[in-house]
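Some notes on the structure that comes next.
The values are calculated or read from the model by the stated rules, or taken from the named source; none is laboratory data. Bear in mind the structure is a predicted one, so any value in this text is a computation, not a measurement. Here the Cβ positions follow ideal geometry from the backbone for every residue, glycine too, while neighbour counts run over all protein chains shown. Heads up: the accessible areas ignore ligands, DNA and RNA and are worked out on the full protein's heavy atoms, side chains in. Shrake-Rupley method; radii C 1.70, N 1.55, O 1.52, S 1.80 Å.
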Amino acid sequence: MFRLFLYLNILGAFLVTGLHIVEPGPEYPASKGAIWPRPQMQSIEIPYYKFDSDVLEIKVMDHDCPILSNAVQRSLAVLRDMLRIASPYVNRNAPQQVLDDDTYDGPLKSLSIYLTSPCEEYPHFGMIESYNLTIAADSTLRSSSIWGILRGLESWTHLFHLSDNRDQLHINKGEVHDFPRYPHRGLLVDTSRHYISMSNILLILDAMAMNKMNVFHWHIVDDQSFPYQSERFPDLSRLGAYHETLIYTKKDIQTVIDYARNRGIRVIPEFDVPGHTRSWGVAKPELLTHCYNEYAVDVGLGPMNPIKDSTYTFLRELFHEVQALFPDRYIHIGGDEVDLDCWESNPEFKRYIQEHNLTSVADFHALFMRNTIPLLSENSRPIVWQEVFDEGVPLPKDTIVQVWKGNEVYEMLNILRASHQLIYSSGWYLDHLKTGGDWTEFFNKDPRDMVSGFSKDINVDNIVGGEACMWTEVVNDMNIMSRVWPRASAVAERLWGHESQAAYQVYSRLEEHTCRMNARGIRAQPPSGPGFCLGA
Amino acid sequence: MEISDILVTGLHIVEPGPEYPASKGAIWPRPQMQSIEIPYYKFDSDILEIKVVDHDCPILSNAVQRSLAVLREMLRIASPYVNRNAPQQVLDDDTYDGPLKSLSIYLTSPCEEYPHFGMIESYNLTIAADSTLRSSSIWGILRGLESWTHLFHLSDNRDQLHINKGEVHDFPRYAHRGLLVDTSRHYISMSNILLILDAMAMNKMNVFHWHIVDDQSFPYQSERFPDLSRLGAYHETLIYTKENIQTVIDHARNRGIRVIPEFDVPGHTRSWGVAKPDLLTHCYDQDGDYVGLGPMNPIKDSTYTFLQELFHEVQALFPDRYIHIGGDEVDLDCWESNPEFQRYIQEHNLTSVADFHALFMRNTIPLLSENSRPIVWQEVFDEGVPLPKDTIVQVWKENEAPEMLNILRASHQLIYSTGWYLDHLNTGGDWTEFFNKDPRDLVNGLSKDINVDNIVGGEACMWAEVVNDMNIMSRVWPRASAVAERLWGHESQATYQVHCRLEEHTCRMNARGIHAQPPSGPGFCLGV
């Protein structure tokens, strides 16, 4: 108070307390030709080249395969589209870009692709994704894996940027040496709470490839609906889907797997058991447990019934079919939020507890998993939600545990001490909303950093990655693209390798990347604030 | 261990299928009075005759054509989902009363050209084989036709459209039921603006508050001052031309929606300064260094000369009597920091820097055309700026009840927006919070010397910092539908039935091309 008066007297005026200067235009101007996610090592030089589709030759020098040739064609289409989309916005009044200046090095003549090992048929856990890219008049892209070549081609397209008057595509001389930090970089999509159309699933895969994400975790069924069309048990979707047309046929699923494979993306289906299975019970109520209230009145169906042999007979057949369809070695069998209280409430289960001397109702969960995991095909590896670990269910050593609850540091330490691998999702729930946006919070969470230094008897490399999770209680085809992107891009960059916090430059790069996704048909929402994309 | 020890603590029973099954043929917003009888009629476009019995005009005939197109679309969209295995719907049962033969429309007064504040929107609708729709205003007829389309629902096997016998007597509770759309933080395409107007009409909202310019960009293309958008828009193509604006006004007029432009002054004007920096105040830091441009300069005559010309052009273009002139979040500190203003304070014996805001408004309001009425954000009232009695004050800040009481005690009209900011997000959705806020209820009983009827309505506000063409439709709808029903008249809380009605209404919007997001939880719409 006294100070205020002093100022007033001295200046004969008022105190400047908190000026709020706003500059016109976008809050974060977009970068030009920045790769998302940021590569491990990159040099950018001043000389630049121009894209001319009549001049540029793509040479496949070593191994080749349809995955490679498809990716080359897609990359060229992206570049042509960048020019096409920009054409209504070309500034014809601006002076023609001078191309014979000191820094222009002529048209891009060639990109030679050296794939030094034969193509693999399907992407897999631990696949090689590293690549080296050299941009010059005669550019080169090298990798020992088709998946590395795919990542390199994606980066290559990111390096192109429009000239100032928007009539040309330029790319700067430079080098990229790149590899991922985490092998498992996933996106979970729930197609049970709301059905997601095939066209949006394919677009999501396009966007994942643009962000170098490599696991499509397909949470295909849940309590509310069962859209997976089983050949062996067609009634499951005929009766359990929201509508008989809102399903994924075998052919649909093969389309998804093939589309994903061509982009280096694994498709891991989740058939969440024994909870979250209410929709299975529309066609097959005998699979589920009857739950009773405190007056012993039957109040509805709960989790699967772990004490009936028929449950496992059924699951064996279903998993057999599912694993014949999905080529990935990993399968997610859920195990989250099992309503133990339902099991406890059932008189038959009470008898079972007595007869078998169970000490806890969680023993039923252990019983269920002990009987279910051997039903999976040989060599397959399960992924489970953290509750399965938390409830002391014995798990094969090669099981991956997915951490999704709060208090995640403590949980991760426990899982690592038990020498399991884990994937992290707690901080990356895309259904959680915040006014103004939240991608920086996603970005600033690094699962290995969270536990680093807490304990010496752990191996942080067992944190093999993470997944952004799009639960769809209030998301469907109308809003899923803008809800996922570019928020999942923050997770993608975190998992690929960029280790710093969300700096100003990251905002600018995400601005460009969002416009890039828009230009490629992905309805990503504005990441950070006021701004614009042209031609989206 | 004893079995009896095992306690059932908290069963979590989930039923399969949608969380809230959609209603069938429920009107949104819920009408004031409605009776529904069991007999029903079938829509047959070859039989149904729409008769305009009294006054007629293009607004009416356009609306009739749109309504018929909606019904035909409902059948077309449902066709891939028809259940051909189900038994053919028996139409000669006790409750089927034959095809709908006619709808006679009695508009008992001539059409008005433009919707306006206080327009009549009441209507009476009787559904029978020969149905009737009556109103003394074209705007009431529009509302009634909208309700009429809502009453139709698909038969169980989805191959027919049915409508139940019944009556609707309906009128709005609040006169001003608006949606603010900010086209400055992000440019919104013309096609999305027209779709937003379509959706507003589906929700009986009647004011499109066009927050057309702001600090970040100036997309309004002025004929008199073309540099404002040429330099101040994000890009020279991201603008609204005079023709664009006329299209919006006409599209809105045909749906009974007023278009009120907001040219927010004297703050939120940084983009104006790209072309015209002389309009704005230079701000200085503590060390007396110039740090950038702030609000408009209220102590230069040229500011008002410019505003007079601009407002003249704007008001010639927008027919509504009301114009929003903003007045929110003025950076008084910038004015205070400027030596010229410090001198002015001394020379004119000002007692507070807010006096500059008063000075600005005192000079600006008379620049508006005769008979026009200003709308301002609450700060203008809060800072003691003298306002004409017929000014409407828009309440947007927290602690809204005392603010509303103050405005009402000063005998101003007000519109409410505080609880209806669509940019505020909540995990899982928030429409019930919007729905359960009733502006008149907020102040009812708090004071005797107020007239709650001076709360003339409210607006849902879509600030566009993180919203653009990619997500605006799903961000606004169906959340603004909750506000629309609250303002139209439904007075109860968000019950189970309201959830079911909003489920149907959301699918209805989807079917009509509005990308409304799921309102409440798991479920599905067919054919979108």
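Yes/no per residue for (1) polar (S, T, N, Q); (2) under 30 Å from A:I268 (Cα atoms); (3) surrounded by 19 or more Cβ atoms within 10 Å (Cβ to Cβ):
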{"site": "A:L340", "(1), (2), (3)": "no, yes, yes"}
{"site": "A:W343", "(1), (2), (3)": "no, yes, yes"}
{"site": "A:N346", "(1), (2), (3)": "yes, no, yes"}
{"site": "A:F349", "(1), (2), (3)": "no, no, yes"}
{"site": "A:Q354", "(1), (2), (3)": "yes, no, no"}
{"site": "A:D363", "(1), (2), (3)": "no, yes, yes"}
{"site": "A:F368", "(1), (2), (3)": "no, yes, yes"}
When the range B:24-41 is examined, which residues are found to be open to solvent by less than 30 Å² (accessible area, probe 1.4 Å) and assigned to a loop (DSSP other than H, G, I, E, B)? B:G25, B:A26, B:I27, B:W28, B:P29, B:P31
Test B:T351 against the criterion of being within 14 Å of chain A (Cβ to nearest Cβ) and closer than 26 Å to B:K389 by Cα, and give yes or no. yes
How about the range A:436-463: which of its residues are at pLDDT below 95 and among the hydroxyl-bearing types (S, T, Y)? A:S452, A:S455
Residues in the range B:138-158 that are open to solvent by 10 Å² or more (accessible area, probe 1.4 Å) and either farther than 18 Å from B:P99 by Cα or in contact with an Asp or Glu (Cβ under 6 Å, 6 or more places away or on another chain) (or both) total 2
Answer yes or no as to whether B:F218 is within 13 Å of chain A (Cβ to nearest Cβ) and open to solvent by less than 10 Å² (accessible area, probe 1.4 Å). yes
Flagged in the range A:498-520 as farther than 13 Å from A:M82 by Cβ and either surrounded by fewer than 13 Cβ atoms within 10 Å (Cβ to Cβ) or touching a strand residue (DSSP E or B) at 6+ places or on another chain (Cβ under 9 Å) (or both), in numbering order, are A:E499, A:S500, A:Q501, A:A503, A:Y504
Selection within the range A:123-137 - crowded, with 18+ Cβ neighbours inside 10 Å and either at positive phi or of a type in the set (S, T, Y) (or both): A:Y131
Could you list, in sequence order, all residues of the range A:199-209 that are closer than 11 Å to A:Y259 by Cα and in contact with an Asp or Glu (Cβ under 9 Å, 6 or more places away or on another chain)? A:I201, A:A209
Scan the range B:255-271 for residues that are at the interface with chain A (Cβ under 10 Å from one of its Cβ atoms), open to solvent by less than 10 Å² (accessible area, probe 1.4 Å) and closer than 30 Å to B:F117 by Cα and jot them down. B:G267, B:T269
Taking the conditions exactly as written (in contact with an Asp or Glu (Cβ under 9 Å, 6 or more places away or on another chain) and modelled with pLDDT of 95 or more), does A:I423 satisfy them or not? yes
Determine which single condition B:H251 fails, assuming it passes every other condition in (1) over 17 Å from the mean Cα position of the chain (by Cα); (2) open to solvent by 20 Å² or more (accessible area, probe 1.4 Å). (1)
Looking at the range B:484-493, which of its residues are within 20 Å of the chain's Cα centre (by Cα) and surrounded by fewer than 24 Cβ atoms within 10 Å (Cβ to Cβ)? B:G489, B:H490, B:E491
Can you name every residue in the range A:229-242 that is within 14 Å of chain B (Cβ to nearest Cβ) and surrounded by 18 or more Cβ atoms within 10 Å (Cβ to Cβ)? A:L236, A:S237, A:G240, A:A241, A:Y242
Within the range A:499-507, identify whether any single residue is within 12 Å of chain B (Cβ to nearest Cβ), touching a residue at least 12 places away in the same chain (Cβ under 8 Å) and either touching a helix residue (DSSP H, G or I) at 6+ places or on another chain (Cβ under 8 Å) or closer than 30 Å to A:L169 by Cβ (or both), and answer yes or no. no
Would a scan of the range A:377-389 turn up a residue that is hydroxyl-bearing (S, T, Y), in the same structural domain as A:A324 (by TED's automatic domain parsing) and under 21 Å from A:A492 (Cβ atoms)? no
Take the residues in the range B:12-23 that are of a type in the set (A, V, I, L, M) and farther than 22 Å from B:S147 by Cβ; name whichever of them is surrounded by the fewest Cβ atoms within 10 Å (Cβ to Cβ). B:I13
In the range A:272-304, residue farthest from A:I373 (Cα to Cα) [restricted to those that are buried (at least 23 other Cβ atoms within 10 Å of the Cβ) and either of a type in the set (S, T, Y) or more than 14 Å from every other protein chain (Cβ to nearest Cβ) (or both)]: A:S279
